[in-house]
Amino acid sequence: MAAGKKPTKPTRNKAKAVVRPVRQPNEALAYWERVVGNYNPFVVRVLDRSGSTLYFNIWDVVEKKEFDHDGQPFTADLSDGEMVWGSLPSTAQLVTPGQGADFGLLLLTEAWLITNGVSVSSGGGGKWPRNLSL
């Protein structure tokens with residue numbers, strides 16, 4: 001997965017970052033760089049939420065489609081900091097499914113990626129998000 005024509009880099013300026021859910025996936029590319037550690041940002045479409053569990057699909061911003069995950073959404077427990085960053089700069093946790101602004105950023109750890117069979121390459125020529133394969 002790559003950012004396309006205008007690769008987006010993280011910004012330390014919260015005023016320039018996307019800190020809310022958005023209607024279109026390409027609007028979710030700028031994220032507030034305040035996370036320390038090994039979290040990978042993904043554009044996601046939130047399908048549902050039950051308590052702290054988020055149900056979502058990962059969005060490919062180049063192909064402009066969701067990745068097929070055997071017809072099943074991915075899940076993440078927003079309270080599990082070893083797997084997901086459940087607060088800003090992630091914005092997926094702010095989505096109210098079905099209200100129109102269903103896209104957000106979700107920062108996931110390598111452990112979450114491995115557990116869910118997602119392989120992230122280091123390719124992309126420095127573009128963000130990095131290449132993704134399922």
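So what's the projected area for the range 40-110, the Cα convex hull averaged over all directions, in nm²? If you can, show how the numbers build up before the last one.
On the way: hull surface 19.2 nm².
So the mean shadow area of the Cα hull is 4.8 nm².
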Report summary line: Listed by chain and number, the residues whose amide H is under 5 Å from that of VAL84, excluding neighbours fewer than 5 places away on the same chain and using placed H, are THR109
Report summary line: Neighbours of PHE74 by Cβ distance under 11 Å: Lys/Arg at +1, Asp/Glu at -1, summed charge -1
**Report entry** Cα-projected label distance for LEU113 with LEU94, points at 7 Å along beta-carbon direction, nm
**Finding:** 2.5
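Which order do ASP102, ASP80, ASP48 take when ranked by solvent-accessible area (1.4 Å probe, heavy atoms of all protein chains), largest first?
Values: ASP102 30, ASP80 55, ASP48 80 Å².
Descending order: ASP48, ASP80, ASP102.
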Report task. Under 11 Å from the Cβ of THR96, count the other residues' Cβ atoms, weight Lys and Arg +1, Asp and Glu -1, and hand me the total. Result -> -1
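The values are calculated or read from the model by the stated rules, or taken from the named source; none is laboratory data. Every value quoted in this text rests on a predicted model; they were computed, and no experiment measured them. For neighbour counting, all protein chains shown are included, and Cβ atoms are generated from backbone atoms with ideal geometry for every residue, glycine included. Accessible surface areas use protein heavy atoms only, side chains included; no ligands, DNA or RNA. Shrake-Rupley method; radii C 1.70, N 1.55, O 1.52, S 1.80 Å.
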